[in-house]
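The values are calculated or read from the model by the stated rules, or taken from the named source; none is laboratory data. Predicted, not measured: the structure shown is a model, and the values here were computed from it. When we count neighbours, we look across all protein chains shown, and the Cβ atoms used for this are built from the backbone with ideal geometry, even at glycine.
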Amino acid sequence: MNFKLFFPWTAQVIFFLAILPQVFLNFKQKSTKGLSDFLLIGYFNAYIFYLFYVFSLNLPLAYRIMIPFSFAAVLILIFQRFYYSVFSDFNLKLFYFFNLLIILFFIPVAIKNNFIIGHIAGWLMMLAWAVYQIPQVIKNYKLRSVNGLSFAWLTILGLGDLIEFAVALFFKLPPQTYLNNLRGIIIYLVFCFQFLRFKN
């Protein structure tokens, strides 16, 4: 099989599978208290931008199939966040609702201006990926705890970033690709340190 064709499927399947351990841990603990709300917001918006990027620029089939699956898994995390919460969190629900309205508004805009919207969404996606895990790192540090956070989730994400980083360098992909993966590898090492330091 052509490695160039096989790699996008490998990376995207890994990124989808990475979310499932956290979904399972939330279900097992009947709680999402270990997750930062800002992490979930960042994850949610990063995948929104990713969807516009993938479909507006007609990226390979692996992206057009797997990114919606990954986004659905993120929606499950958000559903769990509200389902297991004892608080109403009305303002947070309102925030997600308006986010969805913005998506619906931009769909026809993206269809008419797919090239421009696709590239803008791509850069916004890179920005969201660059910062979305930082609030979780800060929360772990403040609480001196990683309880409720799945190490398997973070490890599979780190593996996906490592694979995509190597291939991005090998195939000389645009710098934002491998720089984003390098960010993912570094933040994974930070999480490893926190798990060693704060694990009960």
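Of all residues in the stretch 55-106, which are β-branched (Val, Ile, Thr) and at pLDDT below 90?
Correct list: 86, 102, 103.
Every residue in the stretch 101-157 that is within 21 Å of residue 19 (Cα to Cα) and of a type outside the set (A, V, I, L, M, F, W, C), please.
Once the filter is applied, which keeps residues that are within 21 Å of residue 19 (Cα to Cα) and of a type outside the set (A, V, I, L, M, F, W, C), the stretch 101-157 yields 132, 133, 135, 136, 139, 140, 145, 147, 148, 150, 155.
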Check: If you check 47, 53, 43, which single one turns out to be closer than 22 Å to residue 96 by Cβ, crowded, with 20+ Cβ neighbours inside 10 Å, free of Cβ contacts under 8 Å to residues at least 40 places away in the same chain and among the aromatic types (Phe, Trp, Tyr)?
Finding: 47
Notebook entry, point to check: Of all residues in the stretch 187-200, how many are surrounded by 15 or more Cβ atoms within 10 Å (Cβ to Cβ) and not in a helix (DSSP H, G or I)?
Noted result: 0
Check: Considering 23, 13, 54, which residue is of a type in the set (Val, Ile, Thr), assigned to a helix (DSSP H, G or I) and over 20 Å from residue 126 (Cα atoms)?
Finding: 23
Margin query: With the requirement that a residue be more than 18 Å from the chain's Cα centre (by Cα) and small (Gly, Ala, Ser), what does the stretch 39-93 give you?
Written below: 56, 85, 88
Margin query: Quick test of your reading of the structure: residue 67 fulfils all but one of (1) buried (at least 20 other Cβ atoms within 10 Å of the Cβ); (2) in contact with a Gly (Cβ under 9 Å, 6 or more places away or on another chain); (3) not basic (Lys, Arg). Name the failing condition by number.
Written below: (2)
Item checked: Subset of the stretch 15-54 (residues that are at pLDDT 90 or above and of a type in the set (Val, Ile, Thr)) -> 19, 23, 32, 41, 48
Notebook entry, point to check: Consider residue 66 against the criteria (1) over 20 Å from residue 130 (Cα atoms); (2) without any contact (Cβ under 8 Å) to a residue 24 or more places away in the chain: it satisfies all of them except one. Which criterion is unmet?
Noted result: (2)
Notebook entry, point to check: Based on what the data block shows, is residue 127 out of contact with any Gly (no Cβ under 7 Å at 6 or more places or on another chain), of a type outside the set (Ser, Thr, Tyr) and without any contact (Cβ under 8 Å) to a residue 12 or more places away in the chain?
Noted result: yes
Next item on the list: Please enumerate the residues belonging to the stretch 26-38 that are surrounded by 21 or more Cβ atoms within 10 Å (Cβ to Cβ) and of a type outside the set (S, T, N, Q).
Entry: 35
Checklist line | Matching option when the condition is out of contact with any strand residue (DSSP E or B) (no Cβ under 9 Å at 6 or more places or on another chain) and within 21 Å of residue 177 (Cα to Cα), among 59, 104 | finding: 59
Check: So residue 86 fits all but one of (1) closer than 25 Å to residue 21 by Cα; (2) touching a residue at least 24 places away in the same chain (Cβ under 8 Å); what number is the exception?
Finding: (2)
